[in-house]
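Q: Quick one: this structure, given as structure tokens, is what I'll be asking you about.
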Amino acid sequence: MTRFLLLFLLVACTAKADDGYRLWLKYDLIKDAAKREEYARSAQFIAVTGNDPILTSAANELQTGLQGLLGKTIPVVANAGTRTGGIVLTVAGAPQADGQKGAKEGYSITKKTANITIASQSGAGVLYGAFALLRQLQTGQSLNGLSLVSSPKIQHRLLNHWDNTNATIERGYAGESLWKWYELPATVDPRYRDYARANASLGINGTVVNNVNASARFLTAEYLEKVAALATVFRPYGIRIYLSVYFPAPKVIGGLKTADPLDPDVKKWWADKTREIYKLIPDFGGYLVKANSEGEPGPQDYGRNHADGANMLAEALAPYDGIVMWRAFVYKADANADRFKAAYEEFTPLDGKFDKKVIVQVKNGPIDFQPREPFSPLFGNMPKTPLSVEFQITQEYTGFATHWVYEAPIFKECLESDTYVKGKGSTVAKVVDGSLQGYKLTAIAGVANTGSNRNWTGNPMAQANWYAYGRLAWDHTLSAEDIAAEWIKMTLTNEPKAVKTITGIMLRSREIYVDYNTPLGLSRPWAGVHFAPEPWQEKSARPDWTAIYYHRADSIGLGFDRTATGSNALAQYSPEVQQKWNNVETCPLPYLLWFHHVPWTKKLSTGRTLWDELCTRFYTGADSVSWMQQQWAQVKPAIDPEIFADVTGRLVTQQKEAIWWRDAWVLYLQTYSRQPIPAPFKKPERTLDEVKNLVHIYQLR
Ligand code: GCW
């Protein structure tokens, strides 16, 4: 009777709809009883010596995970003694794989003796190992002869939150900020711990909790206490807190007359403030700065340069183990300049001038997180200054929380790009992980897509982007496909056919988006909201905030000439890269309009003219969303009904909007190309004015 009741409860619990809260740490009971038994034989106890809080987190996580996966409570013991058949967690001189930098956080998992041993030189490493072991179980791997050795290739693996004091998130599409500033530090939402667990499961070891368009309030005593409360929750998960700083804070909250980085009072203010922070948060990670960028103040306001500003903060951090992450996202409002070139022009002259505690944070591309960009020419060209790469996980330019775009291919494309600065194989990944130019400091940043929505990311499929970023931050050699399959198995289903189908959708999703949104190297066809199509937008406070600045459509053709006959931005790259991209005949099609102004009638390598090729992309891109819908419909039996319905709904909207994008582009460009829509495509059912009006309505307040 009791057994029956238990079974009933178990079934009732597992049948409950999934709200997505548990992310990839679901730990649902493994259905295959034989498999469960096999795992259980190797997980009869968890032995952990000492009371390092991070080791305790590792033991707790293993216990929680095994409880769910195996349906058994596995005891945590202080010492394995002579017992066998368990999991031993140990901080010791563990064997290390490549990547000396990450050695301390690396782990090994071995099942040579009678126990599974998870070893690392640090508690954090053991925690990462514990998650790796759970991942083995979650994805159905065998434990026989298990031998895993893994070290992070990059030291500082961060999420950047663009969260404000009033709970809004700049470019956030999943609700409000996770941080409830108004109730901290007295009330500590249990969700903060789950946030830390999710990040630790990927190896993310740092988080910048506030927006780079920073409020000075974060540096007030009132807010530092709140930040310290978060740090207390994150610490047992190996996660350090960083803050974005408002450069003129010494004036705004310090009462000084200036924020000049060379002024002694300003330096003292930052030194005192930094001491105050470390008193509250002894493992504080450091500062992230957006300065002299998009109207944010900075050292240039005082006739100083970026290095002066960054070095002043580095000096304040000198007594502590903290760093300065200084962003290179800068561009001046100059109609005749090419925004593409701005960061390189401002930063390369400063190479070698930065303090050793400074790392310059560079967006993956030269413009701004477009669905496809060439890699930033800064990579490789600042050999004496550590550079980190900043990716955008939140989908500012890839359809917010509606469009399903798996971003690992975007991240990989940049990381695998060859800068050729030291010959073939000088990839961006090797610049960033320090192996190419010997950087002592290495870091990677991803702009978070999390929010207060129950499922964290709004679109359940966007969880995969958080996941993929974290996995690649740890090991950039992992493939987009493997990461997708792993995430699906842990999050959605283990059913092989469904895993394959969903992986297939994910791997094509970015290309599909690019096809209906910005094919062949188009970029930034939007105005204010960064969502609705507005390729016709020609008025703005700055020329580089219009759409026409980027695509340059005219009666002859389309695209931005960045060769020697145009802005010559290409000259910022190595000769080998220039050679790849500067010939309109051989430039790969994904980058064509990034670098060339191409005549409408020009025959491309596909055999079609530019106009016909564009139409083909816009139409097949939009049609492919129907393909995504069909594929998704097939996996219904394998997916939780709540998640299935949620994604199905979003795909309906995506399809409608893909057609909106297609119509907007083709009708607008047609006013320049003066050519018909090629067969077999049918011309849009609406007029250009009607589409323009749609955007107008979209933007009404
Ligand atoms: O992508 C742009 C965004 C801004 C953002 C800026 C940046 C935080 O539109 O919202 O500001 O980049 O990265 O600083």
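Q: Can you pull out the residues in the stretch 460-486 that are of a type in the set (S, T, Y) and not in a loop (DSSP other than H, G, I, E, B)?
A: Y467, Y469
Q: Let me ask you something else. Any chance you could count how many residues in the stretch 429-445 are part of a loop (DSSP other than H, G, I, E, B) and among the basic types (K, R)?
A: The qualifying residues number 1.
Q: Can you tell me which residues in the stretch 663-701 are of a type outside the set (D, E, K, R), free of Cβ contacts under 8 Å to residues at least 12 places away in the same chain and outside any helix (DSSP H, G or I)?
A: Once the filter is applied, which keeps residues that are of a type outside the set (D, E, K, R), free of Cβ contacts under 8 Å to residues at least 12 places away in the same chain and outside any helix (DSSP H, G or I), the stretch 663-701 yields P676, A679, P680, L700.
Q: Just to be sure before I move on: is L441 in contact with a Pro (Cβ under 7 Å, 6 or more places away or on another chain), closer than 23 Å to H161 by Cα and either away from the ligand (no atom under 16 Å from the Cβ) or not hydrophobic (A, V, I, L, M, F, W, C) (or both) in the structure I sent?
A: Considered against the rule, which asks whether it is in contact with a Pro (Cβ under 7 Å, 6 or more places away or on another chain), closer than 23 Å to H161 by Cα and either away from the ligand (no atom under 16 Å from the Cβ) or not hydrophobic (A, V, I, L, M, F, W, C) (or both), L441 comes out as yes.
Q: Residues in the stretch 213-221: is at least one within 16 Å of the ligand (Cβ to nearest atom) and touching a residue at least 60 places away in the same chain (Cβ under 8 Å)?
A: Yes, the stretch 213-221 contains a residue that is within 16 Å of the ligand (Cβ to nearest atom) and touching a residue at least 60 places away in the same chain (Cβ under 8 Å).
Q: Among (1) modelled with pLDDT under 90; (2) aliphatic (A, V, I, L, M); (3) surrounded by fewer than 12 Cβ atoms within 10 Å (Cβ to Cβ), where does A94 come up short?
A: Going through the list (1) modelled with pLDDT under 90; (2) aliphatic (A, V, I, L, M); (3) surrounded by fewer than 12 Cβ atoms within 10 Å (Cβ to Cβ), A94 breaks only (3).
Q: Checking P371 against (1) out of contact with any helix residue (DSSP H, G or I) (no Cβ under 6 Å at 6 or more places or on another chain); (2) within 15 Å of the ligand (Cβ to nearest atom), which test does it fail?
A: (1)
Q: Determine the pairs where a residue that is farther than 16 Å from L202 by Cβ and modelled with pLDDT of 95 or more, located within the stretch 114-128, has a partner that is of a type in the set (D, E) and surrounded by fewer than 22 Cβ atoms within 10 Å (Cβ to Cβ) with Cβ atoms under 7 Å apart, the partner being 6 or more residues away or on another chain.
A: From residues that are farther than 16 Å from L202 by Cβ and modelled with pLDDT of 95 or more, the pairs are G123/D52.
Q: If only one of R508, R524 is touching a helix residue (DSSP H, G or I) at 6+ places or on another chain (Cβ under 6 Å), in contact (Cβ under 8 Å) with a residue 12 or more places away in the chain and of a type in the set (D, E, K, R), which one is it?
A: Residue meeting the stated conditions: R524.
Q: State whether one or more residues within the stretch 446-459 are modelled with pLDDT of 95 or more, more than 16 Å from the ligand (Cβ to nearest atom) and either part of a helix (DSSP H, G or I) or among the aromatic types (F, W, Y) (or both).
A: Yes, the conditions are met somewhere in the stretch 446-459.
Q: Under 6 Å by Cβ, and 6 or more places apart or on different chains, what pairs join a residue from the stretch 191-204 that is closer than 19 Å to S120 by Cα with one that is at pLDDT 95 or above and in a helix (DSSP H, G or I)?
A: That search, which allows pairs on different chains as well, returns A200/L127; A200/Y237; S201/F131; L202/G470; L202/R471; G203/Y128; G203/W474; I204/G470.
Q: Do the conditions hold for E294, that is, is it within 16 Å of the ligand (Cβ to nearest atom) and either outside the structural domain of D260 (by TED's automatic domain parsing) or on the phi > 0 side of the Ramachandran plot (or both)?
A: Criteria met by E294.
Q: Let me ask something additional. Tell me, which strands (runs of 3 or more DSSP E) lie completely within the stretch 150-246 with 1 or more residues that are over 22 Å from L280 (Cβ atoms) and not hydroxyl-bearing (S, T, Y)?
A: Ranges flagged: 156-160.
Q: Also: Checking the structure you have, find out if any residue of the stretch 479-487 is surrounded by fewer than 23 Cβ atoms within 10 Å (Cβ to Cβ), over 27 Å from T620 (Cβ atoms), in contact (Cβ under 8 Å) with a residue 12 or more places away in the chain and in contact with a Phe, Trp or Tyr (Cβ under 9 Å, 6 or more places away or on another chain).
A: yes
Q: Every residue in the stretch 528-555 that is small (G, A, S) and either under 23 Å from the mean Cα position of the chain (by Cα) or away from the ligand (no atom under 16 Å from the Cβ) (or both), please.
A: G528, A532, A553, S555
Q: Let me ask another. Could you check the stretch 286-398 for strands (runs of 3 or more DSSP E) lying wholly inside it with 1 or more residues that are polar (S, T, N, Q) and in contact (Cβ under 8 Å) with a residue 12 or more places away in the chain?
A: Fully inside the stretch 286-398 and qualifying: 358-363, 387-392.
Q: Suppose the filter is closer than 18 Å to N60 by Cβ, away from the ligand (no atom under 16 Å from the Cβ) and either in contact with a Pro (Cβ under 9 Å, 6 or more places away or on another chain) or among the aromatic types (F, W, Y) (or both); does R235 pass it?
A: When the stated conditions are applied, R235 passes them.
Q: Same structure again: Residue under question is F379, and the condition is that it be within 24 Å of Y550 (Cβ to Cβ), away from the ligand (no atom under 15 Å from the Cβ), more than 17 Å from the chain's Cα centre (by Cα) and buried (at least 24 other Cβ atoms within 10 Å of the Cβ); does it hold?
A: Yes.
Q: Then there's this: What residue, of L288, L280, L262, is within 16 Å of the ligand (Cβ to nearest atom), outside the structural domain of D544 (by TED's automatic domain parsing) and either buried (at least 23 other Cβ atoms within 10 Å of the Cβ) or not acidic (D, E) (or both)?
A: Of L288, L280, L262, the one residue that is within 16 Å of the ligand (Cβ to nearest atom), outside the structural domain of D544 (by TED's automatic domain parsing) and either buried (at least 23 other Cβ atoms within 10 Å of the Cβ) or not acidic (D, E) (or both) is L288.
Q: Give the number of residues within the stretch 150-196 that are away from the ligand (no atom under 16 Å from the Cβ), surrounded by 21 or more Cβ atoms within 10 Å (Cβ to Cβ) and among the charged types (D, E, K, R).
A: Count: 2.
Q: Based on this model, can you work out whether T606 counts as assigned to a loop (DSSP other than H, G, I, E, B), touching an Asp or Glu at 6+ places or on another chain (Cβ under 8 Å) and modelled with pLDDT of 95 or more?
A: yes
Q: Another one. Of the residues in the stretch 399-438, how many are within 16 Å of the ligand (Cβ to nearest atom) and without any contact (Cβ under 8 Å) to a residue 60 or more places away in the chain?
A: 1
Q: Sticking with this structure for a sec: With respect to Y397, is the statement that it is closer than 27 Å to S151 by Cα and of a type outside the set (K, R) true?
A: No, not satisfied.
Q: Out of the residues in the stretch 494-531 meeting the condition of being assigned to a helix (DSSP H, G or I) and β-branched (V, I, T), tell me which one is farthest from G399 (Cα to Cα).
A: Among residues in the stretch 494-531 that are assigned to a helix (DSSP H, G or I) and β-branched (V, I, T), the one farthest from G399 (Cα to Cα) is V499.
The values are calculated or read from the model by the stated rules, or taken from the named source; none is laboratory data. The shown structure was predicted, so the numbers you read here are calculated from the model rather than taken from an experiment. So basically every Cβ, Gly included, is an ideal-geometry build from the backbone, and we count neighbours across all protein chains shown.
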